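These notes are about the structure you will find just below.
The values are calculated or read from the model by the stated rules, or taken from the named source; none is laboratory data. This one's a predicted model, so the numbers in the text were calculated from it and none came from an experiment. All Cβ positions, even for glycine, are placed from backbone atoms using ideal geometry, and neighbour counts span all protein chains on display.
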Amino acid sequence: MIDESIYNNLLVELKRGTQILQVLSQMKRTQYGYSLLQTLEEKNVHIDAGTLYPLLRRLESQGILKSEWDTTESRPRKYYVLSNDGEELFSQLKKEWTNMCVEMNQLLKEEQI
């Protein structure tokens, strides 16, 4: 029987590879970090806050997301949305993801034969 810690580590790696695409898929409308966490949770996508917030900052620093502070509420919030470059990148990544899914499904189908 496979060691559960090996399985868990590999599962974390597999999920980590999809998180950027999961986040970008929800950034066509402006969201702040917590609202994004809630949106993803509603869709059964679980990303820890400790993973999400650094990812948002990194995507912003890369020009994929743009941000704006809203200080009209009692608690200031930083809102994020896809930049123009981010929209283009997301479109390209979706195409790559689709191709990867087709390839992987073919491999897994062959494995069942």
For segment 87-113, give me the residue count where each residue is closer than 18 Å to T30 by Cβ and in contact with a helix residue (DSSP H, G or I) (Cβ under 7 Å, 6 or more places away or on another chain). 1
Looking at this structure, is L59 in contact with a Gly (Cβ under 7 Å, 6 or more places away or on another chain) and either within 25 Å of K15 (Cβ to Cβ) or at pLDDT 95 or above (or both)? no
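Conditions tested, residue by residue: (1) part of a loop (DSSP other than H, G, I, E, B); (2) at negative phi; (3) β-branched (V, I, T).
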| residue | (1), (2), (3) |
| --- | --- |
| V23 | no, yes, yes |
| H46 | yes, yes, no |
| V81 | no, yes, yes |
| F90 | no, yes, no |
| T98 | no, yes, yes |
When you look at T51, is it within 14 Å of G33 (Cβ to Cβ) and of a type in the set (S, T, Y), yes or no? yes
Can you name the number of the only condition in (1) surrounded by fewer than 16 Cβ atoms within 10 Å (Cβ to Cβ); (2) at negative phi; (3) in contact with a helix residue (DSSP H, G or I) (Cβ under 8 Å, 6 or more places away or on another chain) that L56 fails? (1)
Applying the selection to segment 19-53, what residues are without any contact (Cβ under 8 Å) to a residue 24 or more places away in the chain, surrounded by 12 or more Cβ atoms within 10 Å (Cβ to Cβ) and hydrophobic (A, V, I, L, M, F, W, C)? L37, L40, V45
Residues of segment 59-113 being farther than 20 Å from I20 by Cα and either under 15 Å from the mean Cα position of the chain (by Cα) or surrounded by 13 or more Cβ atoms within 10 Å (Cβ to Cβ) (or both), in sequence order, are R77
Counted residues, segment 70-113 - those being at pLDDT below 95 and among the polar types (S, T, N, Q): 6
